[in-house]
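Written below as structure tokens is the structure these notes are about.
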Amino acid sequence: MNVEGKVVVVTGGGNGIGKALCERFSADGAAQVVVVDLERDAAQAVADALGGSAYEVNVREEAQIATMVEDVIAKFGHIDLFCSNAGIIALDGPPWYATSAPNETWQAMWDIHVMSHVYAARACLPSMIERGEGYFLNTASAAGLLSQVGDAAYSTTKHAAVGFAESLAITHGDAGIKVSCLCPQAVATRMIGDSEGGTAGVDGILTPADVAEAVVRGLEEEQFLILPHPEVAKYRERKTADYDRWIGGMRKLRRQFGNPEV
């Protein structure tokens, strides 16, 4: 897909990777960039700068996503590309068990990293299938292919995000629906703040613009997995080749970095 002339929706578009995607899509000639964010002012600022549209949406609420999609289609005729990009991070926390995060954190991660993708697809699929075309870009994480030391809820829900993206691609590919799954490691956003990215930063921290560049290339080639950090492909191969050895290596990485504080 080339985004020139396309109607694009980006959740989490008010900052970080989402903002960079909006800026890049606009620069590449998208007909309309719809900036969606929980923070209304942030969404509006990005939309105003790009001549786009802004929506305040809590992606944990299916009705809000459905209403936004319905309104965008009413205004612009259709949605070519829907980017489910909103995300959060929390860490396990003391005493640093895999079960340390409270239920509220697990639920928030599940709602934002998995169900918001389901809600977006549920809202967009009927019109996309009717047109015989449409594209979903679902932001997961390298943690969804590997793991994130010190954040079991994040790792688990990002694995689920990858799984749902696979299901979208398998189930609806013959109907003309394209799917890409974005899986970066550390990116310089407020999610990692001023830290060095912990174990996710071992291969360097990319800028959001770097990620947007990788996304544009991936969309053009219609790749399912978009890996801004190419090293992730190598780690994934090692994991599938020898799971026990890979888990041992991740334990070593955990010992090396200790408890993450990002």
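Structure values in brief
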{"read-out": "Angle in degrees between helix 40-50 and the longest Cα principal axis of the chain, rounded to the nearest 10", "value": "60 degrees"}
{"read-out": "C-alpha long axis of helix 243-257 to longest principal axis of the chain, angle in °", "value": "80 degrees"}
{"read-out": "Of PRO208, PRO184, PRO102, the one that fluctuates the most in a GNM where the chain has Cα springs shorter than 10 Å", "value": "PRO102"}
{"read-out": "Eligible aspartates and glutamates near LYS252 by straight Cα distance, threshold 13 Å, same-chain separation 8 or greater", "value": "ASP244"}
{"read-out": "In order through the range 213-218: 3J(HN,Hα) via Karplus (6.51 cos²θ - 1.76 cosθ + 1.60), integer Hz, x for Gly, Pro", "value": "5, 5, 5, 4, 5, x"}
{"read-out": "Part-to-part distance (alpha-carbon centres) for the range 218-240 and the range 1-53, which is given in Å", "value": "24 Å"}
{"read-out": "HN-Hα J in Hz across the range 65-72 - Karplus 6.51, -1.76, 1.60, θ = phi - 60°, x for Gly and Pro", "value": "5, 4, 5, 4, 4, 4, 5, 4"}
{"read-out": "Rule-of-thumb Rg ratio for the range 9-53 [Cα; 2.2 N^0.38 Å; N residues]", "value": "0.93"}
{"read-out": "Under the Karplus curve 6.51 cos²θ - 1.76 cosθ + 1.60, θ = phi - 60°, whole-Hz ³J(HN,Hα) for the range 176-185, x wherever Gly or Pro sits", "value": "x, 8, 9, 9, 10, 10, 8, 10, x, 8"}
{"read-out": "Kirkwood-based Rg to Rh ratio, the chain, C-alpha trace", "value": "0.96"}
{"read-out": "Whichever aspartates and glutamates have a C-alpha closer than 15 Å to that of LYS239, once near sequence neighbours (fewer than 8 apart) are set aside", "value": "GLU231"}
{"read-out": "Residue of HIS78, HIS159, HIS172 that the Gaussian network model of the chain assigns the largest fluctuation, springs spanning Cα pairs under 10 Å", "value": "HIS172"}
{"read-out": "Sequence-distant lysines (8 or more away, or on other chains) whose Cα lies within less than 30 Å of LYS19", "value": "LYS6, LYS75, LYS158, LYS178, LYS234"}
{"read-out": "Volume in Å³ per residue [convex hull over Cα atoms, computed for the range 14-94]", "value": "102 Å³"}
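Only the coordinates and a few stated rules stand behind these numbers; no lab work does. Please read all numbers here as calculations on a predicted model, not as lab measurements.
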